[in-house]
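Here's the structure, in structure tokens; my notes come after.
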């Protein structure tokens, strides 16, 4: 029975992706709904999690390989945006620090346990990176991954409106914000809107994938020490 | 027969290009894991491998066209690969139901603050540069 987990996940994802391509709404995000379907199956059929992990373990290797492959879009984007690289680096680094700080402060104010705080420390980065960084900080990867995907969906729905509301009307700044704060799903929204925003969003997503594992493991212990 | 041979040759070439690309990525990953284990580094090995690959691309030691046949499908299907990792969230349902407000606030405030800070800073920095 458990051997079906892998092919069923692939089939569900491909079907939902087809549906998403037709309807094109961030609410129908195929990853989000494949995760929801997987969670429902695990609960309804009372499947054992270690068995599920073993059955889907080939994905772990492919995910690690895909993280290495992220070097390619990074290489392509850096080449394109070399002139403004410093500005983009500063803006994305501030975004990463802001995301970590705000999540940590909210969690501390509401008395969350340390493991949950660590799970929320790297939310402004693409999911495979958040899984690695969260594990490094002692958090729960699955909570971080689910939150990152949901944050992407929220950003896709309200991102452009929120940016305009706060007077951020330059397309480059809008794209950078969407890619930096809402990673892949935000980048997809920028790609659907205009080319300039798309280029900046892709660059921001790639740079946050590099900056987050460099900055957050250094900044997080400092937050724990000073905020508690 | 000639057409079939040509088509077969094309498929074989595509498969070899894909294998070469995945072999390069796997080599970087394996070396990064070995170095990481040997030196007991806390920095995730796949990220070290990504940075090393990026540097070798920048230095021209590895050509972009060697990688593209394998990286395109990997990146295209990357969201699928983290579905099981995220689905394991069911393990932590008591923690989630106890701290749902923290998660809900983070869900809206973290992206909002991130969007505003990055967008505002970029607009200001571009204006002054």
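Worth pointing out:
- Shape box of the protein assembly as shown [Cα atoms, principal axes, largest first, Å]: 70, 56, 49
- Residues residue B:59 and residue A:110, FRET efficiency given R0 of 51 Å [Cβ-Cβ distance, rounded to 0.05]: 0.60
- Enclosed volume per residue, in Å³, of the convex hull spanned by Cα atoms of the stretch A:1-160: 156
- Partner chain coverage, peptide B:58-66 - average Cβ within 10 angstrom: 1
- Rg of the Cα atoms in the stretch A:81-228, relative to 2.2 N^0.38 Å, amounts to 1.00.
- Taking B:59, B:25, B:115 in turn, the Gaussian network model of chain B (Cα-Cα springs below 10 Å) assigns the largest fluctuation to B:115.
- Fluctuation leader among B:46, B:69, B:94 - chain B, Gaussian network, Cα springs under 10 angstrom: B:94
- Label-point gap, in nm, between residue A:169 and residue A:227 - each point 7 angstrom along Cα→Cβ: 3.4
- Per-residue [θ]222 nm for the protein assembly as shown (sum of -39500 (n - 2.57) over DSSP H runs n ≥ 4, rounded to 500): -27500 deg cm²/dmol
- Working from label points 7 Å from Cα in the Cα-to-Cβ sense, the residue B:101 to residue B:43 distance is 4.1 nm.
- Value of relative contact order over chain B, rounded to a whole percent, pairs C-alpha under 8 Å and six or more apart: 23
- Inter-label distance, residue B:7 to residue B:27: 3.4 nm, where each label sits 7 Å from its Cα along the C-beta direction.
- Global geometry of the stretch B:43-129, whether rounded, prolate or oblate, following the gyration tensor of its Cα atoms and the 1.5 cut on a/c: oblate
- Between residue A:83 and residue A:194, the FRET efficiency estimated from the beta carbon spacing at R0 = 22 angstrom works out to 0.65.
- Net length available on complete extension from residue B:72 to residue B:108 is 9.8 nm, with 0.36 nm assigned per residue and the Cα-Cα distance removed.
- Peptide B:93-103 shows a mean partner chain C-beta count of 5 within 10 Å per residue C-beta.
- Taking every C-alpha pair closer than 8 Å and separated by at least 6 residues, the mean separation divided by the residue count of chain A gives a relative contact order of 20 percent.
Taken together, the values in this text are just the output of simple stated rules run on the coordinates, not laboratory data. Model, not experiment: these values are computed from the prediction. FYI the Cβ positions are ideal-geometry reconstructions off the backbone, even for glycines, and counts take in every protein chain you see.
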